[in-house]
Amino acid sequence: MVTSSIKAILPCEIHRVWEAVTAVEGYAWRSDLSKTEILDENRFVEYTKDGYPTYFTVTKTEPPYCWEFDMENSNMRGHWTGRFVAKGDETEVDFTEQVTAKKFFLRPFVKGYLKKQQAQFVADLKTFLLDKTGPRG
């Protein structure tokens, strides 16, 4: 199992950050997705730009502080934890993924892939929040 975390301070209050991250249907700010599909109140699917599905099952929801889910596709299975901490009018996020590659030949690439995905997620989220809140002065 590979674990990868990313922390960031986002220029928006905690409730807006929470809403952006947990709004499964509001995926348009994500540069890596073509669509999402809600299966029920605890399960959803994300599709990459190439149409590759990953299935998610929400395991913990404590608005606006913690969101966790299990995830699985044909290449991996794992768990994601998102922690949100209010810092005045900003929010500190800590996103951690624990992933096991299902295919032996993918194992050497998992850590790098996760780091790249996490960095893109946070960059997309910052861009979206700045577009919504305007520049900070």
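For T3, state whether it is at negative phi and either of a type outside the set (S, T, Y) or touching a residue at least 60 places away in the same chain (Cβ under 8 Å) (or both). It is true that T3 is at negative phi and either of a type outside the set (S, T, Y) or touching a residue at least 60 places away in the same chain (Cβ under 8 Å) (or both). Looking at the range 103-121, can you tell me whether even one residue there is touching a helix residue (DSSP H, G or I) at 6+ places or on another chain (Cβ under 7 Å) and either under 18 Å from I6 (Cβ atoms) or without any contact (Cβ under 8 Å) to a residue 12 or more places away in the chain (or both)? No, that holds for no residue. Going through (1) surrounded by fewer than 13 Cβ atoms within 10 Å (Cβ to Cβ); (2) modelled with pLDDT under 95 one by one, I38 falls short only on (2). There is no residue in the range 49-63 that is hydroxyl-bearing (S, T, Y), exposed (fewer than 12 other Cβ atoms within 10 Å of the Cβ) and over 13 Å from the mean Cα position of the chain (by Cα). Of the residues V21, V17, the single one that is touching a residue at least 24 places away in the same chain (Cβ under 8 Å) and within 25 Å of N75 (Cβ to Cβ) is V21.
The values are calculated or read from the model by the stated rules, or taken from the named source; none is laboratory data. Quick caveat: nothing in here was measured; it's all calculated off a predicted structure. Glycine gets a Cβ as well: all are built from the backbone with ideal geometry, and neighbour counts include every protein chain shown.
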